[in-house]
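What follows is a single structure, written as structure tokens, with notes after it.
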Amino acid sequence: MLRFFSLLLFCCLAGHVASQEFSYGFKAGLNFNSFLSDSETDAAGTELESFSGNTGFHVGAIFTWKATELMGLRGELLFSQKGGRRKFNGPSYYTLTAADGTVFNTTGTREQRLNVNHSYIDIPLMGYFKPVQWLEIFAGGNVGFLVSSNAVGALEYSGGRTSDDFPVPAFEYELDYS
């Protein structure tokens, strides 16, 4: 199929070199993202983890090479934000180390909220075919390079007890991952 498309593209371009046209533009918009994953569950099948959407944006340049009236190539260079939100609320464990080096393994309840953001440089390249004035058919690929990744949120741990049934005070702290 790829050979056929390449041959068809070459044949169309060979006779119409004079009608080539190059144009460019600007692109900006919103990205509505979320994670698609199975949620962690407890032994009874109750979901402990949930995922929700996050809004990002994309901005960049568009380049179009019109080979003929019917077909051409379109490329983009975009900065794009993607990600989602994750929430966990359920039984968990935590390892605490005392000042003298003693290690305490505890079990308790953890509530964790994270807002995850990934920034990419996306470079989609597509061939297009325009059989009629109001219809364009695109096919192509996309290469994305991860530029940065971070997550911010909070973790609360409560109801903790050591293996000797010693209570552990509840604590909370902010999370900031890069």
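The values are calculated or read from the model by the stated rules, or taken from the named source; none is laboratory data. Bear in mind the structure is a predicted one, so any value in this text is a computation, not a measurement. Here the Cβ positions follow ideal geometry from the backbone for every residue, glycine too, while neighbour counts run over all protein chains shown. Keep in mind that these areas ignore ligands, DNA and RNA; they rest on the heavy atoms of the full protein, side chains included. Shrake-Rupley method; radii C 1.70, N 1.55, O 1.52, S 1.80 Å.
Note on residue 130: lysines with a C-alpha under 30 Å away, same-chain residues under 8 apart excluded, are 27, 66. Across 172, 40, the residue with the most accessible area heads the list, and the full order at a 1.4 Å probe is 172, 40. Multiplying the residue separation of residue 136 and residue 172 by 0.36 nm and removing their Cα-Cα distance gives an extension gain of 7.6 nm. Farthest towards the positive end of the charge dipole of region 71-112, among the residues 79, 94, 109, is the Cα of 79, using unit charges on the Cβ of Lys, Arg, Asp and Glu. As a length-normalised measure over Cα pairs under 8 Å and 6 or more apart, the relative contact order of the chain settles at 17 percent.
If a/c stays under 1.5 just call it rounded; otherwise compare a/b with b/c (prolate if a/b is bigger, oblate if not). Do that for region 76-140, with a ≥ b ≥ c from the square roots of the Cα gyration tensor eigenvalues. It comes out prolate by the Cα gyration axes.
Sorting 21, 49, 69, 136 by accessible area puts them as 69, 21, 136, 49; the probe is 1.4 Å, largest comes first, and only protein heavy atoms count. Distance between the 7 Å Cα→Cβ label points at residue 96 and residue 149: 3.2 nm. Angle between the Cα long axis of helix 2-14 and the longest principal axis of the chain, 0 to 90 degrees, nearest 10? Around 40 degrees separate the two axes. The residues of the chain expose, per residue, 67 Å² of accessible area to a 1.4 Å probe.
Surface composition of the chain: carbon plus sulfur atoms hold 60% of the accessible area, using a 1.4 angstrom probe and ignoring ligands, DNA and RNA.
Computed over the chain, the per-residue total of -39500 (n - 2.57) for DSSP H runs of n ≥ 4 gives a 222 nm mean residue ellipticity of -2500 deg cm²/dmol, rounded to 500.
Once divided by 2.2 N^0.38 Å, the Cα radius of gyration of region 122-178 becomes 2.54.
Simple point charges give the picture: +1 on the Cβ of Lys and Arg, -1 on the Cβ of Asp and Glu, and for region 48-92 a dipole about the Cα centre of about 180 debye. Assuming charge only on the beta carbon of Lys and Arg (+1) and of Asp and Glu (-1), the dipole of the chain about its Cα centre is about 1000 debye to the nearest 20. The largest accessible area among 173, 157, 120 belongs to the first residue in 173, 120, 157, and the rest follow in falling order (1.4 Å probe, all chains). For region 82-156, the relative contact order works out to 31 percent when only alpha carbon pairs closer than 8 Å and six or more residues apart are counted. Of the options [x] 1.07; [y] 1.25; [z] 0.97, only one is Rg/Rh (Cα atoms, Kirkwood Rh) as computed from these coordinates, and that is [y].
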